[in-house]
1. Find the strands (runs of 3 or more DSSP E) located wholly in the range 1-47 whose residues include 1 or more that are at pLDDT below 90 and either closer than 21 Å to GLU96 by Cα or in contact with a helix residue (DSSP H, G or I) (Cβ under 8 Å, 6 or more places away or on another chain) (or both), and list them.
2. Just checking, how many residues over the range 33-77 are hydrophobic (A, V, I, L, M, F, W, C) and open to solvent by 80 Å² or more (accessible area, probe 1.4 Å)?
3. On the given criteria, is PRO19 free of Cβ contacts under 8 Å to residues at least 40 places away in the same chain, open to solvent by 30 Å² or more (accessible area, probe 1.4 Å) and under 29 Å from VAL132 (Cα atoms)?
4. Quick one: ILE66 ticks every box in (1) free of Cβ contacts under 8 Å to residues at least 40 places away in the same chain; (2) over 14 Å from the mean Cα position of the chain (by Cα); (3) within 20 Å of GLY95 (Cβ to Cβ) bar one, so which box is it?
5. For the range 97-116, what are the residues that are of a type outside the set (Phe, Trp, Tyr), open to solvent by 20 Å² or more (accessible area, probe 1.4 Å) and modelled with pLDDT of 90 or more?
Amino acid sequence: SFRCEAFTTATLDHPNIVPIHDIGVDADGRPIIAMKLVRGTPWNKMLEDDWEALSQDEYLGKHLPILIHVAQAVAFAHSRGLIHRDIKPSQVMVGEFDEVLLMDWGLSVTVDENALQKHKGLSILEVAPTIVTASNPAGTVAYMAPEQTLNASNRLGPWTDVYLLGGTLFYIL
């Protein structure tokens with residue numbers, strides 16, 4: 001699953017998705033991922049810190065653009081046939097210069113094999129499981145879409161991530 005996560009993330013070359021540079025194994029045979037070093041703050045920490053410190057207008061003015069960047073990353077993933085399945089503020093890093101990166105694609109699922117292969121030409125076995133093979137329920141309970149709570153994953157789709165983005169917006173508000 002670690003290798004699949006690395007390959008999945010590597011297929012998503014977008015400014016708001018953390019880049020993967022390489023995968024391999026260390027001297028002890030443990031898998032490793034070389035990814036962009038992200039210096040910054042987890043978005044959930046920023047939201048907590050800013051809740052009391054900023055006026056409502058300042059708070060929304062600062063955090064709604066971050067949500068838009070996350071939504072752009074998600075839309076890009078959807079165009080490549082993938083869904084994230086675990087979108088929440090703690091999965092987002094905001095860098096020192098306000099760059100926004102959606103992290104942790106470990107629960108992602110391939111919902112459109114043709115779109116994925118069209119853009120990267122990878123074998124479906126190298127990336128995220130499909131809606132037929134993915135384990136379910138999966139995700140973070142406080143944000144999960146109703147279809148994520150079912151035993152079968154065949155009802156997942158881009159709408160699942162849209163629900164998670166709505167849950168994130170609700171958290172912000």
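The values are calculated or read from the model by the stated rules, or taken from the named source; none is laboratory data. This is a predicted model, so every value here is computed, not measured. Cβ sites come from the backbone with ideal geometry, for glycine too, and all protein chains shown count toward neighbours. Just the protein is used for accessible areas: all its heavy atoms, side chains included, with ligands, DNA and RNA removed. Shrake-Rupley method; radii C 1.70, N 1.55, O 1.52, S 1.80 Å.
1. Details: elements: 20-25, 31-35, 40-42.
Of the strands (runs of 3 or more DSSP E) lying wholly inside the range 1-47, those with at least 1 residues that are at pLDDT below 90 and either closer than 21 Å to GLU96 by Cα or in contact with a helix residue (DSSP H, G or I) (Cβ under 8 Å, 6 or more places away or on another chain) (or both) span 20-25, 31-35.
2. The first filter runs over the range 33-77 and keeps only residues hydrophobic (A, V, I, L, M, F, W, C), leaving 33-35, 37-38, 43, 46-47, 51, 53-54, 60, 64, 66-68, 70-71, 73-77.
Going one step further and asking which of them are open to solvent by 80 Å² or more (accessible area, probe 1.4 Å), we end up with 35, 37, 51, 68.
Total satisfying the criteria: 4.
3. Values: free of Cβ contacts under 8 Å to residues at least 40 places away in the same chain: yes; open to solvent by 30 Å² or more (accessible area, probe 1.4 Å): yes; under 29 Å from VAL132 (Cα atoms): yes.
Here the answer is yes, as PRO19 does meet what is asked.
4. Failed condition: (2).
5. We begin by selecting, within the range 97-116, every residue of a type outside the set (Phe, Trp, Tyr); these are 98-104, 106-116.
Okay, now just the ones that are also open to solvent by 20 Å² or more (accessible area, probe 1.4 Å), so 98-99, 103-104, 106-107, 111-114.
Selection gives ASP98, GLU99, MET103.
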